1. What are the residues in segment 136-169 that are in a strand (DSSP E or B) and either of a type in the set (A, V, I, L, M) or more than 10 Å from the ligand (Cβ to nearest atom) (or both), if any?
2. Report yes if Lys186 is more than 10 Å from the ligand (Cβ to nearest atom), under 25 Å from Ile444 (Cα atoms) and free of Cβ contacts under 8 Å to residues at least 40 places away in the same chain, otherwise no.
3. Picking from Gly279, Gly283, Gly289, which residue would you name as being on the phi > 0 side of the Ramachandran plot, modelled with pLDDT of 95 or more, within 16 Å of the ligand (Cβ to nearest atom) and surrounded by 15 or more Cβ atoms within 10 Å (Cβ to Cβ)?
4. Kindly evaluate Gln75 against the criterion of being surrounded by 13 or more Cβ atoms within 10 Å (Cβ to Cβ), modelled with pLDDT of 95 or more, within 15 Å of the ligand (Cβ to nearest atom) and at negative phi.
5. Against the conditions (1) at pLDDT 95 or above; (2) surrounded by 14 or more Cβ atoms within 10 Å (Cβ to Cβ); (3) closer than 27 Å to Arg144 by Cα; (4) touching a Gly at 6+ places or on another chain (Cβ under 9 Å), where does Ala18 fall short? Just the number, please.
6. Please specify each residue of segment 21-38 satisfying the condition of being under 18 Å from Arg144 (Cα atoms), surrounded by 14 or more Cβ atoms within 10 Å (Cβ to Cβ) and not polar (S, T, N, Q).
7. Output the number of the condition that Lys426 fails; it satisfies all remaining conditions of (1) farther than 25 Å from Asp189 by Cβ; (2) in contact with a strand residue (DSSP E or B) (Cβ under 9 Å, 6 or more places away or on another chain).
Amino acid sequence: MYISKSFIPILKNNPSEAKIKSHQLMLRVGMIKQSSAGIYSWLPLGFKVMKKIEEIVRQEQNKIGAQEILMPTIQSSEIWKESGRYEDYGEEMLRIKDRQNREMLYGPTNEELVTDIFRSSVKSYKSLPQLLYHIQWKFRDEIRPRFGIMRCREFYMKDAYSFDISDKEAIFSYNKFFLSYLKTFKRLDLTAIPMAADTGPIGGNLSHEFIILAETGESKIYTDKRIFEVENAETKLEENSLENLRKKYEQFYSVTDDKFNKDEFESKVSEKNRLKTKGIEVGHIFYFGDKYSKAMQASVDLPGGKKDFVKMGSYGIGVSRLVGAIIEAKYDHKNEIMKWPISVAPYDVSIIPMINKNDSSALEKANQINSQFIKNGIDAIIDDTDENFSSKIKKMNLIGAPYQIILGKQIDGDLLEFKETGQEAKKINLNQIIKIIKEEKEKI
Ligand code: P5A
């Protein structure tokens, strides 16, 4: 793709209204455009990254046996009245009336709607467990939307729901999501720490937030540093293995603000291991038993003829928030360089030829390289403009493809100036470059 033909509306300077890096960068390189307070359009660069994140989230949901559905954004108030949350949800819920004067709403979450779907078709314990998820826009009329897509009103969420016959089985489902979340965030090159959290308006008594450390995050966290060393590589999708994994994390004190207790923190964590910092909540999982199934009469036949309400949990990932969270985690402030993890990068590599009016040989070389890249499934962006070289490099450093090829005035035979964005350049040939990039992509 030529930069001159792409829809990447780059700003010369950082927009003054943006307070944190992710918001600044996303506006600066034209990943998003605000349409009204807390509501954004996603432009090609931002949309590409978000879709790649979505796909990784989807693959990891499918791996634990969750099935994808798609529920609508607009819901009827009736089911929310059944659960009792229509009043409770308050002003964060965007309420709408249709032409028949029926009360509708833009879904802030889907516990009610999925319970309604479940109860109308599943009648027997034999069909359990069921794990259903969808990836859909949500609307929450936040009082103070801020930091761009980090806390906005319309946002893209993966929300999953589990239905089980007993508490024991339901905790098994909960733990599957627990593992799946660790794996998902790892593929995004993020270290997300599960922390005991409050359940808020979703309800229940077991909940973990998945937090990535960032000074600009909105969640205050208190944790034992040793939690960062917990490994999950050996965990199997079996009840005991998953239970052990959760215990490995839970042995270390690690909570968000709402659960914080100073005495407990100081008695459980030695001074050298105490970490009090801030983070970004990228995922949140809940177990709430029969809170919704009882209120909405979602029961199944048990062996022996009795009936019982199904035990449910719900599991959210902020897919759109993750775009900003990755920037907060990866942006190099000192050198003003963004380097996206290759798993979600908008382009794999940028090609930066030096072009002037009477010499287009570097651009021709860029085209030749790109045709080899296309054959090898490598997605490149070429700066085909005749801007000065240093501003071209600055621009590509912000766009953040993880690799760069610099084509200066002289090209040294087969050797090309190739670098990992932000690192030292080295001279290697095109086949070696293709090999490096392909190997990195295969690791995704
Ligand atoms: C779990 C799935 C729920 O809504 N119901 C369905 C449960 N949980 S949650 O914690 O409230 O949200 C899940 C994740 O969505 C992201 N998120 C947001 N992203 C951007 N702007 C917002 N205003 C916003 N609110 C929530 C977070 O990543 C959160 O973990």
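The values are calculated or read from the model by the stated rules, or taken from the named source; none is laboratory data. As the structure is a computational prediction, the values presented were derived from the model and not from experiment. Glycine gets a Cβ as well: all are built from the backbone with ideal geometry, and neighbour counts include every protein chain shown.
1. Gln136, Trp137, Met157, Ala160, Ser162, Phe163, Asp164, listed by residue number.
2. Taking the combined requirement at face value, the residue satisfies it.
3. Working: Gly279 fails: on the phi > 0 side of the Ramachandran plot; Gly283 fails: on the phi > 0 side of the Ramachandran plot.
Of the residues listed, the single one that is on the phi > 0 side of the Ramachandran plot, modelled with pLDDT of 95 or more, within 16 Å of the ligand (Cβ to nearest atom) and surrounded by 15 or more Cβ atoms within 10 Å (Cβ to Cβ) is Gly289.
4. yes
5. With (1) at pLDDT 95 or above; (2) surrounded by 14 or more Cβ atoms within 10 Å (Cβ to Cβ); (3) closer than 27 Å to Arg144 by Cα; (4) touching a Gly at 6+ places or on another chain (Cβ under 9 Å) applied to Ala18, the lone miss is (1).
6. His23, Gly38
7. Just one mismatch for Lys426, condition (1).
The rows are residues; the columns are (1) in contact (Cβ under 8 Å) with a residue 60 or more places away in the chain; (2) over 10 Å from Ile351 (Cα atoms); (3) small (Gly, Ala, Ser); (4) buried (at least 20 other Cβ atoms within 10 Å of the Cβ).
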| site | (1), (2), (3), (4) |
| --- | --- |
| Gln372 | yes, yes, no, no |
| Ile381 | yes, no, no, yes |
| Thr385 | yes, yes, no, no |
| Asn388 | no, yes, no, no |
| Ser391 | no, yes, yes, no |
| Met396 | no, no, no, yes |
| Pro402 | yes, yes, no, yes |
| Lys409 | no, yes, no, no |
